[in-house]
1. Within segment 63-70, is there a residue that is in contact with a helix residue (DSSP H, G or I) (Cβ under 9 Å, 6 or more places away or on another chain), β-branched (Val, Ile, Thr) and assigned to a helix (DSSP H, G or I)?
2. What residue, of 135, 122, is at pLDDT below 80, in contact with a Leu (Cβ under 8 Å, 6 or more places away or on another chain) and of a type in the set (Phe, Trp, Tyr)?
3. State which residue pairs qualify: first residue closer than 19 Å to residue 159 by Cα and inside segment 111-140, second residue modelled with pLDDT under 80 and among the hydroxyl-bearing types (Ser, Thr, Tyr) in any location, beta carbons under 8 Å apart, and separation of 6 or more residues or different chains.
4. Among the residues of segment 88-110, is there at least one that is within 30 Å of residue 52 (Cα to Cα), modelled with pLDDT of 75 or more, of a type in the set (S, T, N, Q) and loosely packed, with under 14 Cβ neighbours inside 10 Å?
5. Could you check how many residues of segment 16-33 are under 44 Å from the mean Cα position of the chain (by Cα) and within 10 Å of residue 3 (Cα to Cα)?
6. Conditions: (1) basic (Lys, Arg); (2) surrounded by 11 or more Cβ atoms within 10 Å (Cβ to Cβ); (3) modelled with pLDDT of 75 or more. Residue 182 meets all but one. Number of the miss?
7. Taking residue 74 as the residue in question, decide whether it is touching a His at 6+ places or on another chain (Cβ under 9 Å) and either outside the structural domain of residue 153 (by TED's automatic domain parsing) or at pLDDT 90 or above (or both).
8. Looking at segment 42-60, is at least one residue at pLDDT below 85 and over 20 Å from residue 95 (Cβ atoms)?
Amino acid sequence: MKFGFVAKHRGAWPVGLICEALGVSRSGFYAWLVRPRSQRPWDDEVLGQLARQSFLDSDRTYGARRVWRDVLEAGHWCGLHRVERLMRIQGLRARPRRRGLPIDRGERLRGAIAPNLLDRQFQATAPNQKWVADFTYLWTAEGWLYVAAVLDLYSRRVVGWSMQSHTSYLTIVGLHGAPGMRSRWLAAMKRLQDEGGHSRRP
């Protein structure tokens, strides 16, 4: 491995300087250059190509163990650690598995659809006349969490938001504005939950 490093970088630095830094002799390096190549590097080249092909065929999702099984099925015997080393040299790293979508355990009446009070009239002439609400879910270190927010259409400000592990337990957090916000927030959250739908994070 050290002689290979010297051969790779001898165009950038003097051979003697590299050999001295690595603790090898110049004569040993030049003897290594003319020495016939052993069978193992040839085998590594073939196995490396097979490992790369298996990895790409899996859409970059296979780890070393599954790639190793493909190499064995192709008729080339080798150890798992050898495949791991060859994949590491080529920078082949499996993509993380896509997280499953959260399970919606919120209880609601089936078929309940809240009336469309706004009827697409999104203009407001004063604060707290018209609110819109929605929620989505986000992956966090604690797992999937639901995030709900209520927006005042006049000021375009978020008048309240909440984050919980289930849609059934969305609660008031950080409300601002005039008295009576709590009852209006609860009504908005009830309408949102009765709708029964939730959007994915963009």
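The values are calculated or read from the model by the stated rules, or taken from the named source; none is laboratory data. A quick note: this is a predicted structure, and the numbers were derived from the prediction, not measured. Neighbour counts run over all protein chains shown; Cβ positions are idealised from the backbone, glycine included.
1. Yes: segment 63-70 contains one or more residues that are in contact with a helix residue (DSSP H, G or I) (Cβ under 9 Å, 6 or more places away or on another chain), β-branched (Val, Ile, Thr) and assigned to a helix (DSSP H, G or I).
2. Numbers: 122 fails: at pLDDT below 80.
Exactly one of 135, 122 is at pLDDT below 80, in contact with a Leu (Cβ under 8 Å, 6 or more places away or on another chain) and of a type in the set (Phe, Trp, Tyr), namely 135.
3. Short answer, once both residue conditions are applied: 134/199; 135/167; 135/199; 136/199.
4. Kept after step one, since they are within 30 Å of residue 52 (Cα to Cα), are these residues of segment 88-110: 88-100.
Filter once more, keeping what is modelled with pLDDT of 75 or more: 88-95.
Subset that is of a type in the set (S, T, N, Q): 90.
Those left that are additionally loosely packed, with under 14 Cβ neighbours inside 10 Å: 90.
Scanning segment 88-110 turns up at least one residue that is within 30 Å of residue 52 (Cα to Cα), modelled with pLDDT of 75 or more, of a type in the set (S, T, N, Q) and loosely packed, with under 14 Cβ neighbours inside 10 Å.
5. Within segment 16-33, residues that are under 44 Å from the mean Cα position of the chain (by Cα) and within 10 Å of residue 3 (Cα to Cα) number 4.
6. It is condition (3) that residue 182 fails.
7. no
8. Scanning segment 42-60, I find at least one residue that is at pLDDT below 85 and over 20 Å from residue 95 (Cβ atoms), so the answer is yes.
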